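S.K.: Right, I'll just put the structure down here and ask away after.
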Amino acid sequence: MAQLPPDVIEDDCLPEYRHLFSPDLLRDKVAFITGGGSGIGFRITEIFMRHGCHTVIASRSLPRVTAAAQKLTAATGQRCLPLSMDVRNPAAVTTAVDQALKEFGKIDILVNSAAGNFLCPASALSFNAFKTVLDIDTLGTFNVSRVVYEKCFRDNGGVIVNITATLGTRGQVLQVHAGSAKAAVDAMTRHLAVEWGPQNIRVNSLAPGPIGGTEGIRRLAGPLANMQLKAHASPLQRLGNKTEVAHCALFLASPLASFVTGTMLVVDGGSWLTFANDIGYLERLSAKL
Ligand code: HXC
Ligand code: NAP
């Protein structure tokens, strides 16, 4: 059994790290990472920086990304530019991408990790609640991809990694908003891979399963007291960790995946294949929410 890569629950850098890939894998590349100030996006940023990459991390909260950038730079010695930006606002996205290009002169990699989610039955979901999650996850991914394409990737090529989910593959209850939003992003991945491939732009989705130490799992598993038990029902019988997701993002973003585009890499220990999707249980749970 392979040893698990280390992780810490908090949005802190790993106290120690042993390279599995070459430390130069992303040397002097620049990655623009939405949602890079927390959770999975934070760890992806750290792992990229530990492989020689400079980064831009962008989300709504400037204090959050500023604090994250300080930790990331201290731990890795690479540069990290924190920017405040709402992915729903194309003008703000344009300003942020301009700032990134002014700072670094290029962007090689875009990771769309910003997202919003909560548990809610479809019948109780307000029209605005559904729209809000679609706006952040789906339109947000398009907005940032479109601006980075226009300002950089069209002429120079690049790599896009969209962080999605498998919620929509079997129709998870309480998740019609997030499942629909992420399924649309997976479709966008394929469309953009086809349309932008000739310009040397690779576009792939990475779909994590339940990952420990994240806001996502706190929101979804908090009320699911026996989520850990359900995780044990998955083939690898555990939650994933953020470093495991980050290593897969590193693979997709790097030249190791130079012939990989338009696909979805599921990083979930096989749980989407076996997760009970116990409608009765989840409906009883939703009655309590
Ligand atoms: C029902 C809710 C709700 C909830 C908000 N709304 N929270 N409805 N249950 N828990 C409704 C509001 O009432 C409102 O509708 C609408 O959604 C917009 O809410 P706002 O608070 O105004 O939105 P906003 O400030 O833009 O915040 C977006 C957010 C928020 C998604 C609601 O939670 C957020 O900022 N989340 C970012 C962090 C996050 O979610 N991280 C987890 C990602 S994990 P009305 O009708 O009242 O106006 C993830 C995991 C996927 O994506 C898969 C895991 C396996
Ligand atoms: P998280 O820490 O809450 O990450 C979401 C990030 O998105 C936050 O940094 C947030 O920062 C940013 N964000 C939210 N709305 C935004 C907006 N409108 N504009 C710009 N940035 C915005 O949660 P996470 O669990 O690590 O999730 C990271 C990614 O993994 C998401 O795409 C999620 O769907 C996916 N995922 C997670 C899991 C899991 O188990 N955790 C499973 C499957 C998929 P601000 O609040 O500062 O804006």
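S.K.: Could you pull out the residue among GLN78, GLN70, GLN99 that is assigned to a loop (DSSP other than H, G, I, E, B) and more than 24 Å from VAL176 (Cβ to Cβ)?
M.R.: Exactly one of GLN78, GLN70, GLN99 is assigned to a loop (DSSP other than H, G, I, E, B) and more than 24 Å from VAL176 (Cβ to Cβ), namely GLN78.
Residue by residue, here is whether (1) small (Gly, Ala, Ser); (2) closer than 22 Å to ARG43 by Cα; (3) exposed (fewer than 15 other Cβ atoms within 10 Å of the Cβ) holds:
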position	(1), (2), (3)
ARG79	no, yes, no
SER84	yes, yes, no
ARG88	no, no, no
GLN99	no, no, no
ALA114	yes, yes, no
SER126	yes, no, yes
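S.K.: State all residues of the range 58-77 that are closer than 11 Å to GLU46 by Cα and within 16 Å of ligand 1 (Cβ to nearest atom); if no residue qualifies, say none.
M.R.: Answer for the range 58-77, where residues must be closer than 11 Å to GLU46 by Cα and within 16 Å of ligand 1 (Cβ to nearest atom): just ALA68.
S.K.: Keeping to the range 102-160, report how many residues are part of a helix (DSSP H, G or I) and away from ligand 1 (no atom under 16 Å from the Cβ).
M.R.: 16
This table checks each residue for (1) free of Cβ contacts under 8 Å to residues at least 24 places away in the same chain; (2) away from ligand 2 (no atom under 12 Å from the Cβ).
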| site | (1), (2) |
| --- | --- |
| ARG60 | no, no |
| VAL65 | no, no |
| THR76 | no, yes |
| ARG79 | no, yes |
| THR95 | yes, yes |
| ALA100 | no, yes |
| CYS152 | no, yes |
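S.K.: GLY171: open to solvent by less than 20 Å² (accessible area, probe 1.4 Å) and at positive phi, yes or no?
M.R.: no
S.K.: Of the residues in the range 31-70, how many are farther than 16 Å from LEU206 by Cα, surrounded by 24 or more Cβ atoms within 10 Å (Cβ to Cβ) and among the β-branched types (Val, Ile, Thr)?
M.R.: 4
S.K.: Look at ASP11 and say whether it is within 8 Å of ligand 2 (Cβ to nearest atom) and in a loop (DSSP other than H, G, I, E, B).
M.R.: So ASP11 fits the description; yes.
S.K.: Looking at ALA91, ALA181, can you tell me which residue is closer than 21 Å to SER59 by Cα and without any contact (Cβ under 8 Å) to a residue 24 or more places away in the chain?
M.R.: After ruling out the rest, the residue left standing is ALA91.
S.K.: If you don't mind, there's one more thing I want to ask. Before we move on, is LEU26 crowded, with 20+ Cβ neighbours inside 10 Å and not aromatic (Phe, Trp, Tyr)?
M.R.: When the stated conditions are applied, LEU26 passes them.
S.K.: Something else about it: Restricting to the range 130-155, count the residues that are open to solvent by 20 Å² or more (accessible area, probe 1.4 Å) and within 23 Å of ARG218 (Cα to Cα).
M.R.: Total meeting the criteria: 6.
The values are calculated or read from the model by the stated rules, or taken from the named source; none is laboratory data. Remember, predicted model here, so these are calculated numbers, not experimental data. Counting neighbours? That spans all protein chains shown, and the Cβs are built from the backbone with ideal geometry, glycine included. With ligands, DNA and RNA removed, areas are computed over all heavy atoms of the protein, side chains included. Shrake-Rupley method; radii C 1.70, N 1.55, O 1.52, S 1.80 Å.
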